[in-house]
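The values are calculated or read from the model by the stated rules, or taken from the named source; none is laboratory data. Quantities reported herein were computed from a predicted structural model and do not represent experimental measurements. Cβ placement follows ideal geometry from the backbone for every residue including glycine, while neighbour counts extend to all protein chains displayed. With ligands, DNA and RNA removed, areas are computed over all heavy atoms of the protein, side chains included. Shrake-Rupley method; radii C 1.70, N 1.55, O 1.52, S 1.80 Å.
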Amino acid sequence: MSNLVNATYDTYKYIFHDLADRRSDDWLLMGSVWYPITIILLYLYVVKVVGPRFMKERPAYNLDKIIALYNIVQIWACFDLFIRAYTLGWGLSLRLFCEPVDYSNSPQALLISRGIWKYYLLKVVDILDTVFFILRKKNNQVTFLHVYHHAGMIMIAWIIARYVPGGHVTLVGATNCFVHVVMYGYYFITNMWPEYKQNIWWKKHITQLQLVQFVIIFCHSLPVLLQKDCNYPKAVALLTMLESVTMLVLFGNFYRKSYLKKKTV
């Protein structure tokens, strides 16, 4: 029994300590895998239990001003990270495929690593989307797709920030930030001027942009698996590919039900 316990501990230590990028040990919500796991479990508990129970006998809250400010912060944060991704490499020096991770303590490498850490923190902040839905009694928007996407992105962003904070996979974050600038821009406009919600094609094209995003992520990850001399972890590329396929199926199903079915009815 003791051998099993020791083997389990050694495996845990190897995966979550020895393999991890130690530069981020002391950064907020980074030093342990239990940070993202705890956040996700609390998120699910609030979404499924606490939130609905709290709002059961209460009227919907008017959060228009708070949400407008939140959307502005999201637009600024996503645009800032997108520009950082461009200026720190993708617009200047990084190769499009098989770019290795720089684990050094050079100023450039640390800036990239911290940028990915900030992206992870932004994914944690993103769960406020769900909180706002619940407080406004828009429970129909708290779908499996919505909850799975937020929970999954927290875990994946932590894995990337903790193990591969740089190189090939950062194009995923840059693409996602660009999509979110557009998405939160739409949310801001329709929140401030509700009459624009009638222009349903806005939302339709945002969903199309999200679908294109997942195709780009899949295609960008594929060469890592196909090239034998690719100096980038294949496990991370496989993870991003599987997630992109999952999201492509889920968002594709949402797009079909929301737009294509309505046309044929």
Review point. Out of contact with any His (no Cβ under 6 Å at 6 or more places or on another chain), open to solvent by 80 Å² or more (accessible area, probe 1.4 Å), within 30 Å of residue 21 (Cβ to Cβ) and modelled with pLDDT under 95 - does that describe any residue in the range 78-88?
Key: yes
Point to revise | Residue under evaluation residue 177, criteria (1) in contact with a Leu (Cβ under 7 Å, 6 or more places away or on another chain); (2) open to solvent by less than 30 Å² (accessible area, probe 1.4 Å); (3) at pLDDT below 95, criterion not met | key: (3)
Revision key, fill the gap. Among residues of the range 9-52 being surrounded by 14 or more Cβ atoms within 10 Å (Cβ to Cβ) and β-branched (Val, Ile, Thr), the residue farthest from residue 128 (Cα to Cα) is 33
Check your understanding: If you check residue 158 against the conditions, is it aromatic (Phe, Trp, Tyr), out of contact with any Ser or Thr (no Cβ under 8 Å at 6 or more places or on another chain) and buried (at least 19 other Cβ atoms within 10 Å of the Cβ)?
Key -> yes
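Give 147, 131 a once-over and let me know the one that is touching a residue at least 24 places away in the same chain (Cβ under 8 Å), of a type in the set (Val, Ile, Thr), open to solvent by 30 Å² or more (accessible area, probe 1.4 Å) and farther than 24 Å from residue 99 by Cα. Write out each step before concluding.
Working: 147 fails: open to solvent by 30 Å² or more (accessible area, probe 1.4 Å).
Answer to the selection: 131.
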Point to revise | Residues that are open to solvent by less than 50 Å² (accessible area, probe 1.4 Å) and among the polar types (S, T, N, Q), drawn from the range 98-110 | key: 104, 106
Check your understanding: How about the range 111-120: which of its residues are at pLDDT 95 or above and open to solvent by 40 Å² or more (accessible area, probe 1.4 Å)?
Key -> 114, 118
Review point. Is it the case that some residue within the range 53-68 is in contact (Cβ under 8 Å) with a residue 40 or more places away in the chain, open to solvent by 40 Å² or more (accessible area, probe 1.4 Å) and under 25 Å from residue 224 (Cα atoms)?
Key: no
Study note, to complete from the structure: Sole miss for residue 165 among (1) part of a helix (DSSP H, G or I); (2) modelled with pLDDT of 90 or more is condition (1)
